Amino acid sequence: MEDLLNGTSCLQHTDRKEGGVQTSQSSGVTVYDYCHIGHARAAVAFDVIVRYLRFSGYDVTYVRNYTDIDDKIIARSNEEGVHWKDLAEKFIEVHDVDMEALGIQRADMEPRATEHMEDIIRLVKSLEDKGYAYNVDGDVYFEVAKFKPYGKLSGRNPEDMRAGARVGVDERKKDPLDFALWKSSKEGEPWWDSPWGRGRPGWHIECSAMSGALLGQPLDIHGGGKDLIFPHHENEVAQSEAEADLDFAKYWIHNGFVNVDSEKMSKSLGNFFTIREVLERYRPEIIRFFLLSTHYRSPLDFSDQALEEARVRYERFMNLFSRVCRTETESRQMNESESESLQTVLEEMEPAFINAMDDDFNTAAALGHLFSTLGTLNGVLDGVEAVTGKVSGHWKAGVDGFFKSVGGILGFFENGLREGPAYFAVSTTGDDEGERKARALAEDRAEARKRKDWNRADELRDQIIEMGYSVQDTPQGPILIPVKQD
RNA sequence: GGCGCCAUCGCCAAGUGGUAAGGCAGAGGCCUGCAAAGCCUUUAUUCCCCGGUUCGAAUCCGGGUGGCGCCUCCA
């Protein structure tokens, strides 16, 4: 965990023992367009963090907000000739659908800026009353010079920033660094009544207002993408701490970017891929697996090759799951190899997994430990297949339980072993023409193999492959694996 | 210009003072009619370069080189 305020790098273990309520807030999205993989990374990272904190015994109240009124929304709605409210609604819906597809759990509270207008106005008013803000013709600005610690979160010096200030700053501001808390509305723009006339909130204030209203100060954890550190989170700190005279957040968590060819994926560069696009080509679990295969703070390069590798890695688990599922169980005590393997998994690999997660949510290392279960567990099946062909029900249940447990944290493997056959299921409908045909060919091939008619068998297999399936001959008979094609 | 991050096997990637996890790809073996899946073995005396601190550094410090980010909207 990153703590930019005082340089410590880990959540203190004492916090956990005290077991207090943990409040966590992540800056949500501004809803004016489709979410891309960068948004997905932030969402998955925080999803796993919250899941893990809960797993570890914290009582977490997780808030993720929507900024549903802002300049970009207004601009976009004008471009498209759609009412701003309808635009925001549409993209909230789109966001929710995409995130659900990725297995992101809902936050405990998902407030919208427009639902907290009174809180926002109250906060701005209070800042004005306390002398931290000034009103110029209905625009209210935060006076950065009045808040001495300004820059502490992002490690910036206000003097340096003034020296490098861009041209085109608003002449009416006392200082180029001052930022808008409230903006007066122009003709045709959405507005709310306020002590300064009709207007709307500035960008940063809604987060301060919503988190203050719903969680209070200080937040235990606040986070978002690295690009929010400045100015967004810096300004939230200024607003909230100036107003309440309390720390805004104890811990900050900022995730790294998703890159394309080593460059940040972003709207302005046009090098982004929307969640929807990627979901058309890869299953959500694979996207999650990909996103979690690098530590959340490091940059992560998005490419077909990287996604392909994630797929291959993920399928190693699916192969294991399927293999366990199709192996019959018998009710008996576990034999030596079964019980040893389960012991290794539960007493060595699971603790290793947890240690990695304890170390700043190191999912990359945690996933690494999961791979060592593969050899152990497949080895047991190798042994079983050579003898009775059946495993102990206890063993199967133990393996299932282990994966369900880690799956609850990672957001895949959640249903345990049965995800294997489900993953490779030839079709979901069952009456798929191609599937029936392929299955028939597979049966013919099994017959041919019995007759040791290898030429005929290989011919049939070629046909099946052409239909988009690979064949695995298992002790339980042939199975078809759909080969996903782009 | 200011501030900051990163550089580990062909590729991806853990590792923040104690002697280089894991995955992909590759090689060999086993299994298989052949495959697929799977198992076993194997692949960095070395962590961008140069100095320094230390008994000991990929890990700390200084200086380079290269890449990236924020400073304007951005997860």
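Only the coordinates and a few stated rules stand behind these numbers; no lab work does. Just so we're clear, the structure is a prediction, and the values are computed from it rather than from any experiment. Cβ coordinates were reconstructed from backbone atoms using ideal geometry, including for glycine residues, and neighbour counts include every protein chain displayed.
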When the charge dipole of the range A:303-424 is computed with +1 on Lys and Arg Cβ and -1 on Asp and Glu Cβ about the Cα centre, the Cα farthest towards its positive end, among A:GLY383, A:LEU346, A:ASN362, belongs to A:GLY383
From the Cα centre of the range A:433-481 to that of the range A:320-367, the distance in Å is 33 Å
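Looking at the calculated P(r) for the range A:303-424, what percent of the C-alpha pair distances fall above 17 Å? Before the final figure, lay out each step's value.
Values: 4159 of 7381 pairs.
The share of Cα pairs beyond 17 Å in the range A:303-424 comes to 56 percent.
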Computed E for A:ASP462/A:ARG436 - FRET, C-beta separation, R0 25 angstrom, nearest 0.05:
0.85
Taking only C-alpha pairs under 8 Å that are 6+ residues apart, what is the relative contact order of the range A:303-424 in percent?
40 percent
Taking the convex hull of the Cα atoms, report for the range A:206-299 its projected area averaged over all directions, in nm².
7.5 nm²
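Of A:LYS90/A:LYS174; A:LYS148/A:LYS226; A:LYS90/A:LYS173; A:LYS90/A:LYS186, which sit over 27 Å apart, Cα to Cα? Mind dumping the intermediate values first?
Numbers: A:LYS90/A:LYS174 38 Å; A:LYS148/A:LYS226 23 Å; A:LYS90/A:LYS173 35 Å; A:LYS90/A:LYS186 24 Å.
Going by Cα-Cα distance, A:LYS90/A:LYS174; A:LYS90/A:LYS173 fall outside the 27 Å limit.
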Determine the equivalent ellipsoid of the range A:374-486 by diagonalising the alpha-carbon gyration tensor, then write out the semi-axes as square roots of 5 times the eigenvalues, largest first, rounded to whole Å.
30, 20, 11
Sites removed, the longest contiguous part of chain A containing no DSSP-loop GluC sites (Glu not before Pro) with at most 13 other Cβ within 10 Å is A:188-486
For A:ASP160 and A:LYS186, what is the calculated FRET efficiency with R₀ set at 25 Å and r taken between the beta-carbons, to the nearest 0.05?
0.15
Taking amide H positions as placed in the peptide plane 1.01 Å from N, state which residues far from A:HIS222 in sequence (5 or more) or on other chains have amide H under 5 Å from it.
A:GLN25, A:TYR251, A:TRP252, A:ILE253
Using the alpha-carbon atoms, what tilt in degrees (0 to 90, nearest 10) does helix A:304-326 show relative to the longest principal axis of chain A?
50 degrees
Calculate one ³J(HN,Hα) per residue across the range A:278-287 by plugging θ = phi - 60° into the Karplus curve 6.51 cos²θ - 1.76 cosθ + 1.60, and present them in order as whole Hz with x for glycine and proline.
5, 5, 6, 10, 9, 5, x, 4, 6, 5
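Largest first and in whole Å, give the semi-axes of chain A's equivalent ellipsoid, each being the square root of 5 times a Cα gyration tensor eigenvalue. Walk me through the intermediate numbers first.
Numbers: eigenvalues 547, 139, 61 Å².
Semi-axes, largest first: 52, 26, 17 Å.
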Amide H of A:PHE257 versus every other amide H placed in the peptide plane: which residues, excluding those fewer than 5 positions away on the same chain, fall under 5 Å?
A:LEU300
Counting helices only, and only those DSSP H runs with n ≥ 4, report the 222 nm mean residue ellipticity of chain A as the sum of -39,500 (n - 2.57) divided by its residues, in deg cm²/dmol to the nearest 500.
-15000 deg cm²/dmol
Quick calc, the range A:433-482, dipole around Cα centre from Cβ unit charges on Lys, Arg (+) and Asp, Glu (-), nearest 20 debye, gives 220 debye
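Based on the Cα atoms of the range A:13-276, what semi-axes does the equivalent ellipsoid have, where each is the square root of 5 times one gyration tensor eigenvalue, given in whole Å with the largest first?
On the way: eigenvalues 155, 114, 73 Å².
For the range A:13-276, the semi-axes come out at 28, 24, 19 Å.
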Post the alpha-carbon centroid distance, the range A:73-91 to the range A:254-309, in whole angstrom.
27 Å
Quick one: which residues, 5+ away or cross-chain, put their amide H under 5 Å from the amide H of A:ARG332? H built at 1.01 Å from N.
A:GLY393, A:HIS394
